[in-house]
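First comes the structure, then the notes that go with it.
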Ligand code: TYD
Ligand code: MG
């Protein structure tokens, strides 16, 4: 039986299926499977495999392999270098994904200007915007450099030819979803086109040693193939995230063959494009409401190797109607919030069943780490008691279902970051080994109840609380 040359690929997750179905069997998304043409192997391939073909590679002892073949090219921004793993590697293909309007083109134009400023040449292939639009944006970001060559083209062959001919220090394709290979059916943005183009850029980059950045839009509709379809092909995948209405943008490494895939770079979008933010904790705390107010808590989350001080806010609102209460979370996984609410009800006797609960993370950051659990729990609890958490407090710890406070990784780093930014007290999981930075009073807590007792001291000794209240009246 001849091998099928058509398979189906999900435009969301890149999973392959032999048959079409309404729902992707890999990621369960609906209506995302698209026909994917597999190029038939031509006669040239057979010859390469023939017995007489010269042996091209031989086994080499591991110890004889040179450590780093390619020197990296550093960009002006430390934040960008960090996410790339120390700079741009010649011959690498980097995918920069993100939602439309988040700032991908802006980020890459900055990178282009930084390479050009050092005398390098950059080829910027734009299929998204007209040359005038690209010029207008570039002029907002900095002086227009003759080192940046603009190519208004969407044909894959033409773009590859131009890159070969110019041999620039950096090539940028904005975006991969507008590039089409005339040898394939299917419009721009189809799975076949996107994958085939990326694979060709990959071969070209390796062949001539030019680093290529690809822009990839993330789409919810699945009408065009998203960057996930390409994740397996390219060397490095970076996602630019952030709330469009807010300043901060986070560039997150999701995959990196040349460095850690845990790192983030932080930027701020302003009038003249992006700026790097080398001390994000300071920016995030400045963004916070400031001072102790009810329902806010400061937590430390670790992003790659760097700790970030972030303020979480919550609002608990009693409802009179019989509608189910609303739980709305921005910047925190909603299921995590449900769990924390359940633990608060069961282990701290908080009455939350008849209240709407809203949670927000300052700066438009998305918290993915459970180390923020305890802080969030205390922030919600503070609402139910109508009292703020003490000023200068940072809360660190994961919350277990039994109400126990679990240890978190890299506590030392987190405490130092808190001390460096002038916080004075920290609640941490009991038994965790960590130094005590100067100026920071560290309180170990075993359980949610412990943490509540430490954060709201007079509430637990109810007699004392009443006496305190009486004293303040008289
Ligand atoms: P853009 O880089 O075009 O986004 P993408 O390529 O990811 O679609 O960024 C567009 C947004 O950035 C737009 O909403 C306007 C904003 N922006 C600024 O706020 N300041 C600037 O200097 C620039 C160039 C863009
Ligand atoms: Mg763009």
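Values as computed for the structure displayed
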| item | result |
| --- | --- |
| Of all residues making up region 96-114, the number that are near ligand 2 (Cβ under 9 Å from one of its atoms) and out of contact with any strand residue (DSSP E or B) (no Cβ under 8 Å at 6 or more places or on another chain) | 1 |
| Filter pass, residue 93 being crowded, with 22+ Cβ neighbours inside 10 Å, within 28 Å of residue 133 (Cβ to Cβ) and more than 16 Å from ligand 1 (Cβ to nearest atom) | yes |
| Any hit, region 66-77, residues being over 26 Å from the mean Cα position of the chain (by Cα) and farther than 27 Å from residue 256 by Cβ | no |
| Flag for residue 285 being closer than 26 Å to residue 82 by Cα and part of a strand (DSSP E or B) | no |
| Sole exception among (1) crowded, with 16+ Cβ neighbours inside 10 Å; (2) part of a loop (DSSP other than H, G, I, E, B); (3) touching a strand residue (DSSP E or B) at 6+ places or on another chain (Cβ under 7 Å) for residue 201, by number | (2) |
| Positions within region 391-409 being crowded, with 16+ Cβ neighbours inside 10 Å and assigned to a loop (DSSP other than H, G, I, E, B), in sequence order | 392, 396, 397, 400, 403, 407, 408 |
| Selection from region 317-356 of residues that are over 29 Å from the mean Cα position of the chain (by Cα), surrounded by 17 or more Cβ atoms within 10 Å (Cβ to Cβ) and more than 19 Å from residue 449 (Cα to Cα) | 355 |
| Residue identified as over 18 Å from residue 159 (Cα atoms) and at pLDDT 95 or above among 117, 111, 125 | 111 |
| Region 358-381, residues that are modelled with pLDDT of 95 or more and buried (at least 22 other Cβ atoms within 10 Å of the Cβ) | 359, 371, 372, 373, 374, 375, 376, 377, 378, 379, 380, 381 |
| Within region 415-430, tally of residues that are within 28 Å of residue 345 (Cβ to Cβ) and either touching a residue at least 60 places away in the same chain (Cβ under 8 Å) or part of a loop (DSSP other than H, G, I, E, B) (or both) | 1 |
| Within region 204-274, strands (runs of 3 or more DSSP E) holding 2 or more residues that are more than 16 Å from ligand 2 (Cβ to nearest atom) and crowded, with 22+ Cβ neighbours inside 10 Å | 236-241, 248-256, 264-270 |
| Residue that is surrounded by the most Cβ atoms within 10 Å (Cβ to Cβ), among those in region 96-129 that are away from ligand 1 (no atom under 13 Å from the Cβ) and under 22 Å from residue 201 (Cα atoms) | 125 |
| The lone exception for residue 158 - which of (1) within 22 Å of residue 235 (Cα to Cα); (2) at pLDDT 95 or above; (3) out of contact with any helix residue (DSSP H, G or I) (no Cβ under 6 Å at 6 or more places or on another chain) it fails | (1) |
| From the options 192, 178, residue that is within 11 Å of ligand 2 (Cβ to nearest atom) and out of contact with any helix residue (DSSP H, G or I) (no Cβ under 6 Å at 6 or more places or on another chain) | 178 |
| Pair list, Cβ < 9 Å and 6+ apart or interchain, from region 94-116 residues that are farther than 13 Å from residue 83 by Cβ and without any contact (Cβ under 8 Å) to a residue 60 or more places away in the chain to residues that are within 12 Å of ligand 1 (Cβ to nearest atom) and part of a helix (DSSP H, G or I) | 113/138; 113/141 |
| Residue in region 232-243 that is under 30 Å from residue 165 (Cα atoms) and modelled with pLDDT under 90 present | yes |
| Only listed residue being within 30 Å of residue 217 (Cβ to Cβ), away from ligand 1 (no atom under 16 Å from the Cβ) and modelled with pLDDT under 95, chosen from 63, 57, 67, 74 | 74 |
| Residue within region 233-251 that is on the phi > 0 side of the Ramachandran plot and out of contact with any strand residue (DSSP E or B) (no Cβ under 6 Å at 6 or more places or on another chain) present | no |
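The values are calculated or read from the model by the stated rules, or taken from the named source; none is laboratory data. A quick note: this is a predicted structure, and the numbers were derived from the prediction, not measured. Please note: Cβ atoms are built from the backbone with ideal geometry, for glycine as well, and neighbour counts cover all protein chains shown.
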